[in-house]
Amino acid sequence: MSLPHAILTALLEKPSSGLELTRRFDKSIGYFWSATHQQIYRELGKLEADGLIRALASEQPARGQKKSYEVLPAGRAELARWSAAAQDPKPHRDTLLLRLRAAAVVGTEGIEADLRRHLALHRRQLAEYEEIEKRDFPPGKDGPEDRLRHLVLRAGIDLETFWTRWLTHALEEFAELPAEGPQSR
């Protein structure tokens with residue numbers, strides 16, 4: 001149920017067209033809640049049908065013109081209700097961790113190279129987040145909205161920092177494994 005709430009959040013930050021929303025998902029919201037363009041457009045239709053958003057009146061109606069949307073009071077109320085509700089954390093599922101567990105019984109072929117690839121990906125993502133932090137959150141930018149947005153970005157930075165440290169440690173462990181590694185039982 002979080003995609004509609006992500007869209008409501010984005011529209012409250014700035015009324016937007018579907019295309020503008022998909023671009024914003026690709027550049028910011030998508031770092032922590034991804035959605036395809038089709039999912040976003042489908043959800044916009046549902047939110048409008050439910051009376052939570054509406055298309056803004058166009059200055060010059062034209063066929064095929066993009067519609068911009070804004071959040072209605074009912075949408076703001078729904079987002080406030082959802083935001084205030086308690087939610088349990090979701091269990092972490094990661095195929096890399098499951099593959100390592102499997103490698104313990106069937107052998108480690110291919111795993112080390114993939115650990116290196118994952119490390120490079122996480123390092124790149126960490127560098128991107130740190131650049132966003134430097135650009136968007138300079139010292140003194142500490143209004144309540146900025147502080148909360150920065151907190152979300154810090155979560156991404158901290159997670160990428162965890163993964164780069166963990167993957168570095170995992171590769172150190174691989175270096176100490178016997179050449180033949182675990183075998184099938």
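Tabulated values for the structure
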{"read-out": "Verdict on residue 172 being more than 21 Å from the chain's Cα centre (by Cα), at pLDDT 95 or above and surrounded by 14 or more Cβ atoms within 10 Å (Cβ to Cβ)", "value": "no"}
{"read-out": "The one condition in (1) part of a helix (DSSP H, G or I); (2) open to solvent by less than 60 Å² (accessible area, probe 1.4 Å); (3) farther than 23 Å from residue 158 by Cβ; (4) assigned by the TED database to the domain that holds residue 157 that residue 113 fails to fulfil", "value": "(2)"}
{"read-out": "Candidate set from the range 125-141 (those that are surrounded by 11 or more Cβ atoms within 10 Å (Cβ to Cβ) and of a type in the set (D, E, K, R)); member that is farthest from the chain's Cα centre (by Cα)", "value": "141"}
{"read-out": "Count - residues of the range 6-54 that are surrounded by 14 or more Cβ atoms within 10 Å (Cβ to Cβ) and among the small types (Gly, Ala, Ser)", "value": "8"}
{"read-out": "Residue in the range 147-159 that is open to solvent by 100 Å² or more (accessible area, probe 1.4 Å), at pLDDT below 95, more than 16 Å from the chain's Cα centre (by Cα) and under 26 Å from residue 29 (Cβ atoms) present", "value": "yes"}
{"read-out": "Test: residue in the range 91-104 that is open to solvent by 60 Å² or more (accessible area, probe 1.4 Å), assigned to a helix (DSSP H, G or I) and in contact (Cβ under 8 Å) with a residue 24 or more places away in the chain", "value": "no"}
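The values are calculated or read from the model by the stated rules, or taken from the named source; none is laboratory data. Bear in mind that the values here come from a model prediction, so they are computed numbers and not experimental data. All Cβ positions, even for glycine, are placed from backbone atoms using ideal geometry, and neighbour counts span all protein chains on display. Ligands, DNA and RNA are stripped out before the accessible areas are found, and what is left, the full protein with its side chains, is counted by its heavy atoms. Shrake-Rupley method; radii C 1.70, N 1.55, O 1.52, S 1.80 Å.
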